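Report on the following structure.
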Amino acid sequence: MHETVIELLKHNSEHADEFQSRFDDVQDSQRPSVVTVCCSDSRVLQDHMWGNDQPGHIFTCGNIGNRVVQRTDSGEAVSGDVLYPVEHTGTDTIVVVGHTGCGAVTATYDDLTEGLSESAGIEHCLSLLKPRLESGVESLPSDVSRTEAINRLVEYNVDRQIEFLIESDEIPSGVDIVGVVYDFQDVYGERRGEVHVVNVNGEIAVEKLREEHSEIDSRIRRLWEY
């Protein structure tokens with residue numbers, strides 16, 4: 001068997017030893033406090049970024065571009081993996097997690113500005129991002145560097161995903177929706193792996209967010225207010 005799989009199984013054995021009793025309360029049901037929608041980039045450590053090692057606490061979803069939208073026969077809808085915990089396990093908080101240097105956002109930017117040729121599956125994913133990022137690309141300052149453009153669009157993508165959730169009749173009005181960016185490229189500061197809040201229930205103005213959420217004011221930061 002491939003050495004990588006052998007290594008994974010070894011670490012799983014250690015995990016099982018440590019978690020032997022941690023599933024006692026959640027073996028038959030789950031009521032996670034939050035559902036997170038993260039990019040499936042291998043550098044985005046979905047549970048580890050929150051220090052989570054408790055089964056049943058966080059319902060994690062992952063896809064390229066941290067999308068909350070899926071295309072159905074009747075049109076666009078909230079992705080089922082995001083909606084499931086809200087509808088069936090009492091989850092009342094959604095956190096959309098973008099990250100610096102996102103490959104999906106980069107590919108979408110390149111497709112919108114230069115055109116790309118991708119396989120059908122990747123093209124489908126990009127086709128869900130492109131209509132949401134197009135206006136953001138058009139709004140970028142002419143003198144912005146490519147790297148800065150991508151990271152501004154990471155925030156813009158988080159905003160558009162949250163906008164879709166807020167406008168959807170499928171999400172109850174009492175659900176809190178928060179947008180963050182996970183930074184491992186020293187874009188927001190020098191603490192790699194830190195999460196920065198960029199959107200709360202559709203509000204993106206930094207000063208207003210800091211006034212309304214003073215308990216986390218140091219973690220509220222944006223690269224782009226448009």
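Some points to look at:
- With the convex hull of the Cα atoms taken as the outline of the range 72-206, the averaged projected area works out to 9.6 nm².
- Listed residues 106, 82, 70: farthest to the positive end of the dipole of the range 34-108 (Cβ charges): 106
- Sites matching GluC sites (Glu not before Pro) across the range 95-199 that sit in DSSP coil, with at most 16 neighbouring C-beta atoms within 10 Å: 114, 118, 170, 190
- Per residue, the range 38-110 exposes 41 Å² of accessible surface when a 1.4 Å probe is rolled over the protein heavy atoms with every protein chain present.
- Restricting the calculation to Cα atoms, every distinct pair contributes to the Kirkwood radius of the range 140-214, found to be 13.8 Å.
- Dipole magnitude of the chain, debye to nearest 20 (Cβ charges: Lys/Arg +1, Asp/Glu -1, about Cα centre): 280
- Cα-based equivalent ellipsoid of the range 62-151: semi-axis lengths in Å, sorted from largest, via gyration tensor: 27, 16, 11
- Using C-alpha pairs below 8 Å separated by at least 6 residues, the relative contact order for the range 70-183 is 44 percent.
- Measuring nothing but how far apart in sequence close Cα pairs (under 8 Å, 6+ apart) lie, relative to its length, the chain scores a relative contact order of 18 percent.
- Choice from 162, 64, 216 with maximal GNM fluctuation in the chain (Cα, 10 Å cutoff): 216
- Per-residue ellipticity at 222 nm from helix content only, as computed over the chain with -39500 (n - 2.57) for each DSSP H run of at least four residues, stands at -12000 deg cm²/dmol.
- Peptides 91-102, 49-60 ordered by packing proxy, namely the average of other Cβ atoms within 10 Å per residue, highest first: 91-102, 49-60.
- Measuring max minus min along each principal axis, the C-alpha atoms of the range 1-131 give extents of 52, 40, 27 Å (largest first).
- Applying the Kirkwood pairwise sum to the alpha-carbon positions of the chain produces a hydrodynamic radius of 18.8 angstrom.
- Distance-filtered residues of the range 132-151 - backbone nitrogen under 15 Å, label point 7 angstrom along residue 206 Cα→Cβ: none
- Unit Cα scatterers, Debye sum, the range 1-53: log10 I(q)/I(0) for q = 0.16 Å⁻¹: -0.75
- Nonpolar atom fraction for the chain, defined as the carbon and sulfur part of the 1.4 Å probe accessible area, stands at 45 percent.
- Axis angle, to the nearest 10 degrees, between helix 3-18 and the longest C-alpha principal axis of the chain: 60 degrees.
The values are calculated or read from the model by the stated rules, or taken from the named source; none is laboratory data. Computed from a predicted model, the values in this text were never measured in an experiment. Virtual Cβ from ideal backbone geometry, glycine too; neighbours counted across all protein chains shown. Side chains included, ligands, DNA and RNA excluded: accessible areas come from the protein's heavy atoms. Shrake-Rupley method; radii C 1.70, N 1.55, O 1.52, S 1.80 Å.
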